[in-house]
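Note sheet for the following structure.
The values are calculated or read from the model by the stated rules, or taken from the named source; none is laboratory data. Keep in mind it's a predicted model, so treat the numbers as computed, not measured. Cβ coordinates were reconstructed from backbone atoms using ideal geometry, including for glycine residues, and neighbour counts include every protein chain displayed.
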Amino acid sequence: MSAKKTAVVTGAAGFLGSHLSDRLLAEGYKVIGIDNLLTGDLRNIKHLEGNTDFEYIQQDVTKHIHIPGEVHLVYHFASPASPIDYLELPIQTLKVGSLGTHNTLGLAKAKNATFLVASTSETYGDPLEHPQKETYWGNVNPVGPRCVYDEAKRFAEAMTMGYLRAHKVDTKIVRIFNTYGPRMRLNDGRVVPAFIGQALQGRPLTVFGDGSQTRSFCYVSDLIDGIYKLSQSSYHEPVNIGNPREMTVLEFAKAILKHTGIEQPIIHKELPTDDPKVRQPDITLARTLLGWEPKVDFEDGITRTIAYFRDFLAIKS
Ligand code: NAD
Ligand code: UDP
């Protein structure tokens, strides 16, 4: 019998799920990664082929999940995550946030496992409080185009709190702010791969609106570290994990041109409906509760991410 603990990661072939699987393996867990490849890519976990501590199961988590044997931790990360993905996949997004969360909570309950759900800064909607603290209830349009994601995640949080209170499952909720790094999908429409891809492929950078809206970008290894620490804590309420360094989208476009060393025009396109005007995490809670702090500065993280996309494009062409 193995002395190693087992963690289940849904969305394991995605950007964050694959990095989380790597971290859990490095921490000495056995990992069962589940994915239906809706927005993920097996290349993200190709390096784990042949690793006897990693098992991949191709399955839709909105259907009943059967895992034989012991499970100690369940991380529910499956969900379309980029605005163009969830606008194209509205029902799948609602289902994985609702039915998928119900099923993975059911798995955690049956196995007496700890459960952590990947929630989002989108639960704050277009925020009227800035920066956003966990105590803020948010400003979400419940029927706008983004509602399928925002409300699915708000439901996922509510369902998670329900299982904590009614079934005493050891649950955690992480509210993830914009995260970037290697293994993002080049064409997922999120601003980081969009601008890097445009620059590297010799196309103008498409800033939506006047570019005065802000985001705060966290490098993936910092985010995963915060999530791992949260899953080991005994705290049950939502916790923001993100990097508070805030910039406008226009500043971000200029930074991409500077760091790629490529000259391209910046063009403006229509701002999507309900695009949040500002976003910045207040991470006081994560700092005090987890002793967590982002360590990778923007210049370093973006250089590593550009290098990844350069390699990715060279291999593809
Ligand atoms: P991603 O699209 O790269 O990964 C999501 C994975 O979930 C994909 O591999 C996809 O195939 C899988 N999936 C989707 N529906 C499924 C289903 N029904 N059954 C099984 N697998 C399914 O996205 P990501 O950026 O890695 O995001 C991971 C999680 O983190 C998501 O829940 C997302 O909402 C959350 N999140 C991410 C960010 C971010 O900046 N990356 C920010 C906030 C929240
Ligand atoms: N954005 C942009 N050009 C693009 C893609 C995105 O200007 O090609 C903007 C988008 O309108 C938003 C910000 O960049 O204000 C971040 O968008 P992203 O899709 O990465 O995630 P969001 O934070 O909106 O969920």
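A few remarks follow.
- Sub-7 Å Cβ pairs linking a first residue in the range 210-233 that is on the phi > 0 side of the Ramachandran plot to a second residue that is surrounded by fewer than 19 Cβ atoms within 10 Å (Cβ to Cβ), at least 6 apart or interchain, are Gly211/Thr248; Gly211/Leu250, ordered by first then second residue.
- Residue among Tyr235, Tyr228 that is in a loop (DSSP other than H, G, I, E, B), at pLDDT 95 or above and among the aromatic types (Phe, Trp, Tyr): Tyr235
- Picking from residues in the range 157-196 that are within 21 Å of Leu289 (Cβ to Cβ) and under 14 Å from the mean Cα position of the chain (by Cα), the one that is farthest from ligand 1 (Cβ to nearest atom) is Ile173.
- The numbered conditions (1) of a type in the set (Val, Ile, Thr); (2) out of contact with any helix residue (DSSP H, G or I) (no Cβ under 9 Å at 6 or more places or on another chain); (3) at pLDDT 95 or above; (4) within 16 Å of ligand 2 (Cβ to nearest atom) are all true for Thr284 except (4).
- Only one of Leu20, Leu16 that is within 13 Å of the chain's Cα centre (by Cα), at pLDDT 95 or above, within 16 Å of ligand 2 (Cβ to nearest atom) and part of a helix (DSSP H, G or I): Leu16
- For the range 58-76, taking the residues that are buried (at least 20 other Cβ atoms within 10 Å of the Cβ) and outside any loop (DSSP other than H, G, I, E, B), the one that is farthest from ligand 1 (Cβ to nearest atom) is identified as Leu73.
- Per the listing Glu49, Glu88, Glu27, Glu55, the residue uniquely surrounded by fewer than 17 Cβ atoms within 10 Å (Cβ to Cβ), within 16 Å of ligand 2 (Cβ to nearest atom) and at pLDDT 95 or above is Glu88.
- Cβ-Cβ under 6 Å pairs, at least 6 apart or on other chains, the range 261-282 side in contact (Cβ under 8 Å) with a residue 40 or more places away in the chain, far side among the small types (Gly, Ala, Ser) and within 10 Å of ligand 2 (Cβ to nearest atom): Ile266/Ala253; Leu271/Gly209; Arg279/Ser121; Gln280/Ser216
- Residue in the range 145-158 that is buried (at least 22 other Cβ atoms within 10 Å of the Cβ), among the aromatic types (Phe, Trp, Tyr) and in contact with a strand residue (DSSP E or B) (Cβ under 7 Å, 6 or more places away or on another chain) present: no
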